[in-house]
Amino acid sequence: MGSEFPDRRWGTESSPLRRPMVALASTSFGSWVIRMLVPIDRRLLRTTGGRFTALGPIGAPTVLLTTIGRRSGEKRTSPLIYVRDDPDLFVVGSNFGQEHHPAWTWNLLAEPTCWVNTAGTDIEASATLVEGSDRDRIVGEFEKMVTAYEVYRGRTDRPMRVFRLTPAA
């Protein structure tokens, strides 16, 4: 069964920029820089219909995840890297290893209906919190894809939340 989520990446995993960019992302300074670039990346992804991202040169699969704010009730959009396991996508709340969970994870716990934009296509989805050995397996997949996730995991004592995004029926 093929996924309803399109798969399109800008850049490749073999890009010569991948190693230095991942190394930078693994440092505290690099994580800070990336956090500061998130609003710009969000705008770039929206403007290009999800086709281009600041993470493009490393070939990381990126989505715009839109959740409903648990307090405001307003739509909130976050650019995130994902792991694919057809027909679903997985996202992890690393928050660059900060001590608190990212806001989008709290939003999904309160309201699992969300929207995924990848390759310029918006798809309604449902989010399910993944726990136990499945969570550990998916975090391992993120760490294989971008080694900075291992550094992020080591910076915090909190378990990183992982969500399965399933296309709405």
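Each reported figure results from applying straightforward, stated rules to the coordinates on display, with no laboratory input. As the structure is a prediction and not an experimental result, all values here were calculated from the model. A quick note on method: Cβ atoms are made from the backbone with ideal geometry, for glycine too, and the neighbour counts reach across all protein chains shown.
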Checklist entry - Exposure proxy check: PHE96, PHE5 ranked by fewest other beta carbons within 10 Å? => result PHE96, PHE5
Next on the checklist: Could you compute the net charge surrounding ARG42? Neighbours are other residues with a C-beta less than 13 Å from the C-beta of ARG42; K and R count +1, D and E count -1.
Outcome noted: +4
Checklist entry - If the viscosity is 1.567 mPa s and the temperature 4 °C, what translational diffusion coefficient in µm²/s does Stokes-Einstein give for the range 18-167 when Rh comes from Kirkwood over Cα pairs? => result 84
Checklist entry - If you rank MET160, MET36 by fewest surrounding Cβ atoms within 10 Å, what's the result? => result MET36, MET160
Checklist entry - So what is the relative contact order for the range 18-167, in percent, with contacts set as C-alpha pairs under 8 Å and at least six apart? => result 26
Checklist entry - ASP86 to ARG71: extension gain in nm, 0.36 nm per residue of separation minus the Cα-Cα distance? => result 2.2 nm
Checklist entry - Looking at PRO167, GLY132, HIS100, which one has the Cα that reaches farthest to the positive end of the dipole of the range 18-167 (charges on Cβ: Lys, Arg +1; Asp, Glu -1)? => result HIS100
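Could you give the length gained on full extension between GLU143 and ARG19, defined as 0.36 nm per residue of separation minus the Cα-Cα distance, in nm?
The GLU143-ARG19 span can extend by a further 43.3 nm.
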